[in-house]
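The next block holds one structure in the form of structure tokens; read it before the comments.
The values are calculated or read from the model by the stated rules, or taken from the named source; none is laboratory data. Model, not experiment: these values are computed from the prediction. For neighbour counting, all protein chains shown are included, and Cβ atoms are generated from backbone atoms with ideal geometry for every residue, glycine included.
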Amino acid sequence: MVYRMKKAITFVALLSMTSVGWAGTNREATNDRLDHAGRVLHEIMDAPDKGIPEEVLEHAKCIAVVPHLLKGGFVFGAENGRGVATCRTGNGWSAPVFFAITGGSWGLQIGVEGIDLVMIIQDERGMRQLLSSKFELGADASVAAGPVGRHASADTDWKMNAEILTYSRARGVFAGLTLNGASIRHDEDSTRAIYGQNVSNAHIFKGEVAVPPSANSFLDAARGAKAQAIASK
């Protein structure tokens with residue numbers, strides 16, 4: 001009887017240690033994702049002639065980044081990755097929301113490639129979709145490949161035809177990306193790792209959640225992108 005109790009206590013202790021270790025590992029991975037997402041935005045803004053146009057950034061409601069989205073397959077391509085997003089509030093940019101993206105797209109693709117994905121949410125409807133726990137690009141929210149370059153004012157199609165503009169960067173090349181059919185859902189694991197509990201997207205995007213220190217680099221990049229777009233007008 002005593003032996004069984006000792007085994008049970010040992011099992012519980014090991015389980016607790018495993019849980020703590022997993023939480024720590026997940027927190028570290030999520031912090032790395034925040035840092036990487038911030039670097040992606042900074043690097044894009046350092047090359048404005050080949051990046052997101054100033055007009056797009058100036059009017060952005062939300063900015064979402066998936067560093068190292070994994071694309072792969074032969075004929076049928078699949079996307080899989082985790083990202084972070086922030087939206088404008090009355091007091092600046094919100095604390096980050098964490099999401100996962102999965103889905104498929106038809107096309108002649110061979111091999112596996114890691115790309116950086118950037119999504120610019122342009123209007124209130126697109127922002128409301130991002131507030132939800134799950135939605136599909138192209139079905140619940142219209143999506144289009146975003147224009148590239150310093151300015152996009154001459155072409156107004158991007159303003160009218162999509163709620164979300166998508167971009168990709170692979171091997172240093174930055175371009176608009178068509179991403180219909182991808183599903184975006186709330187990332188509970190990363191949210192718990194950073195906030196200590198599963199906070200809803202709505203609470204975070206409304207500015208009701210304090211910004212964690214680990215998110216400063218990502219939010220600094222979002223602020224810098226917006227400020228640079230306004231200053232260059």
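Does GLU163 fit the bill of being charged (D, E, K, R), at pLDDT 80 or above and either crowded, with 16+ Cβ neighbours inside 10 Å or within 24 Å of HIS36 (Cβ to Cβ) (or both)? Yes: the conditions hold for GLU163. Taken together, the residues in the range 169-188 that are surrounded by 17 or more Cβ atoms within 10 Å (Cβ to Cβ) and outside any strand (DSSP E or B) amount to 4. Residue pairs whose Cβ atoms lie under 9 Å apart, separated by 6 or more positions or on different chains, with the first residue in the range 192-207 and surrounded by fewer than 17 Cβ atoms within 10 Å (Cβ to Cβ) and the second assigned to a helix (DSSP H, G or I) and modelled with pLDDT under 90, are SER200/LEU131; ALA202/LEU131; LYS206/LEU131.
Tallying residues that are in a helix (DSSP H, G or I) and either among the polar types (S, T, N, Q) or over 15 Å from the mean Cα position of the chain (by Cα) (or both) within the range 120-153 yields 4. Would you check which residues across the range 131-151 are in contact (Cβ under 8 Å) with a residue 60 or more places away in the chain and at negative phi and list them? Of everything in the range 131-151, those that are in contact (Cβ under 8 Å) with a residue 60 or more places away in the chain and at negative phi turn out to be LEU131, SER132, SER133, GLY146, PRO147, VAL148, ARG150, HIS151.
Part of a strand (DSSP E or B), at pLDDT 80 or above and surrounded by fewer than 19 Cβ atoms within 10 Å (Cβ to Cβ) - does that describe any residue in the range 96-107? Yes, that holds for at least one residue.
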